[in-house]
Amino acid sequence: MPNNVPDKITPLRPKRPCPECGKPSERAFYPFCSKRCKEIDLNRWFSGAYVIPGRPTEDGDDEPPSE
Ligand SMILES: [Zn+2]
């Protein structure tokens, strides 16, 4: 095996546009272009996680288990 050939070559990835605004992404905030866009996406994620559509409210008036 040749020793002079580096076996770990990290190719440059093509720059992806920011999913939020379409600007070129920054490495620090990848895949976003800025902290702001990253937070926008995070907030959307969290707000979506809290809203579960179609879920019945458990107030105690649901049907009792039949035994
Ligand atoms: Zn952006």
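Nothing in this text is a laboratory measurement; each read-out follows from the coordinates by a stated rule. Here the structure is a predicted model, which means the values were calculated and not measured. Cβ placement follows ideal geometry from the backbone for every residue including glycine, while neighbour counts extend to all protein chains displayed.
Arranged from highest to lowest average of other beta-carbon atoms within 10 Å per residue, in what order do the peptides 31-39, 17-25 appear? If you can, show how the numbers build up before the last one.
Numbers: 31-39: 17.1, 17-25: 14.6.
Put in order of decreasing packing, that is 31-39, 17-25.
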Return the FRET efficiency for the residue pair K23, R44: r is the Cβ-Cβ distance, R0 is 22 Å, and the value is rounded to the nearest 0.05. 0.80
